[in-house]
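Please read the structure below before turning to the comments.
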Amino acid sequence: MIKKALGVSAIVLVALSGAAHAAGEPNRYAFDEIAAKNLKAAEMRLDAQRAKEPTEPSVLLNLAYVYSRTGRAAEARTLYNEVLAQPDVLMALGDGRPASSHDIALKAMDRPNGYAAR
């Protein structure tokens, strides 16, 4: 899986299957909703996706971002810690630079607005 980043009030990480996205498949990690600042819709999509992929770092990171942006810092921190409890996953930022899921979670925990992933 390829992961990309885009700035949306903070650095937003995007987990994106290039082929699926190119074919027009809706993004299952709610990046589109996050980019549009529709956090309620993003949370609904992420909750549904988390039921299918409970340990997917992109789901956890994006949901943590939504939580942090909606005043739920403790819940966001819990999700960032869940990412840290899993094996580290290499992601690519939107500009092509690599980043690890652990680094993203740790940096997000230090930022008031957090990070998100899809």
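The values are calculated or read from the model by the stated rules, or taken from the named source; none is laboratory data. Because the structure is predicted, anything quoted here is derived from the model rather than measured. Neighbour counts are summed over all protein chains in view; Cβ atoms, including those assigned to glycine, are modelled from backbone coordinates with ideal geometry.
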(request) Give the stretch 23-43 a look and list any residue that's at pLDDT 95 or above and part of a helix (DSSP H, G or I), or say none. (result) 39, 40, 41, 42, 43
(request) For residues that are in a helix (DSSP H, G or I) and surrounded by fewer than 20 Cβ atoms within 10 Å (Cβ to Cβ), tally how many sit in the stretch 44-67. (result) 6
(message) If a residue must be within 20 Å of residue 106 (Cα to Cα) and without any contact (Cβ under 8 Å) to a residue 24 or more places away in the chain, how many such residues does the stretch 25-67 contain?
(response) 1
(request) Identify all residues within the stretch 68-90 that are farther than 15 Å from residue 104 by Cβ and crowded, with 20+ Cβ neighbours inside 10 Å; write none if there are none. (result) 69
(message) Against the conditions (1) of a type outside the set (Lys, Arg); (2) at pLDDT below 90; (3) buried (at least 23 other Cβ atoms within 10 Å of the Cβ); (4) more than 17 Å from residue 42 (Cβ to Cβ), where does residue 116 fall short? Just the number, please.
(response) (4)
(request) Could you grab me the full set of residues in the stretch 56-82 that are in contact with a Lys or Arg (Cβ under 9 Å, 6 or more places away or on another chain) and either acidic (Asp, Glu) or more than 17 Å from residue 32 (Cβ to Cβ) (or both)? (result) 56, 57, 60, 64, 67, 68, 70, 76
(request) Among the residues of the stretch 38-96, write down those that are under 15 Å from residue 27 (Cβ atoms) and among the basic types (Lys, Arg). (result) 45, 50, 52
